[in-house]
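Right, one structure below, let's go through it.
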Amino acid sequence: MTSCIVPLFAVLSPVELVFRGWQLAAIHLSFALLLSLVLLNLLLVWFRKIPFSCSYFPGKTSMAVMFFLYVAGFNMYAWTMADVEERLIGSPAELGLAYAVGGLALYGLARLEKREFAVDDALIYEDQPEPVVRSLELG
């Protein structure tokens with residue numbers, strides 16, 4: 001969060017203030033911050049690795065498929081959220097409801113991570129390779 005979201009919003013805030021005025025800038029930046037935090041927490045619920053510090057085992061994922069999924073997901077997310085924000089700017093009651101839903105989503109993701117899945121804060125430094133022989137564990 002401190003390496004991506006904070007610098008991005010520090011750069012965007014003056015630009016938003018100049019081009020949109022303080023009211024629209026506040027609405028846009030707060031909505032974008034809420035979406036950023038929800039998306040960040042949603043994507044990193046089970047992620048406990050430090051990037052580029054773990055060994056890489058080739059063949060786990062298809063990079064072509066992942067590229068297509070990321071591009072398609074990004075386009076869908078960006079266009080949909082822009083349409084949602086445009087509609088919410090005209091309706092303060094719906095905007096307040098969206099903030100409440102976003103806050104509940106953040107709370108729910110935090111609770112899901114800590115209690116339901118018992119995810120600890122320990123970081124993984126080394127991936128374990130797939131076993132050569134797998135047992136069926138039938139007994």
**Item:** Karplus-derived 3J(HN,Hα), 6.51/-1.76/1.60, for each residue of segment 29-38, Hz, glycine and proline x
**Value:** 5, 5, 5, 5, 5, 4, 4, 5, 5, 5
**Asked** Each residue of segment 63-71 in turn: what ³J(HN,Hα) in whole Hz from Karplus with 6.51, -1.76, 1.60 and θ = phi - 60°, glycine and Pro shown as x?
**Response** 5, 5, 5, 5, 4, 4, 5, 5, 5
**Prompt:** Which order do Thr2, Thr61 take when ranked by solvent-accessible area (1.4 Å probe, heavy atoms of all protein chains), largest first?
**Reply:** Thr2, Thr61
**Asked** Mind ordering 86-93, 62-69 by average Cβ neighbours within 10 Å, highest first?
**Response** 86-93, 62-69
**Asked** If you plug each phi of segment 72-89 into the Karplus form 6.51 cos²θ - 1.76 cosθ + 1.60 with θ = phi - 60°, what whole-Hz ³J(HN,Hα) values come out, in order, with x for Gly and Pro?
**Response** 5, x, 5, 4, 5, 5, 5, 5, 5, 5, 5, 5, 4, 5, 4, 5, 6, 4
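The values are calculated or read from the model by the stated rules, or taken from the named source; none is laboratory data. Treat the numbers as computed from the prediction; the structure is a model and nothing was measured. Neighbour counts run over all protein chains shown; Cβ positions are idealised from the backbone, glycine included. The protein model used for the area step is the full one, side chains on, heavy atoms only, and it has no ligands, DNA or RNA in it. Shrake-Rupley method; radii C 1.70, N 1.55, O 1.52, S 1.80 Å.
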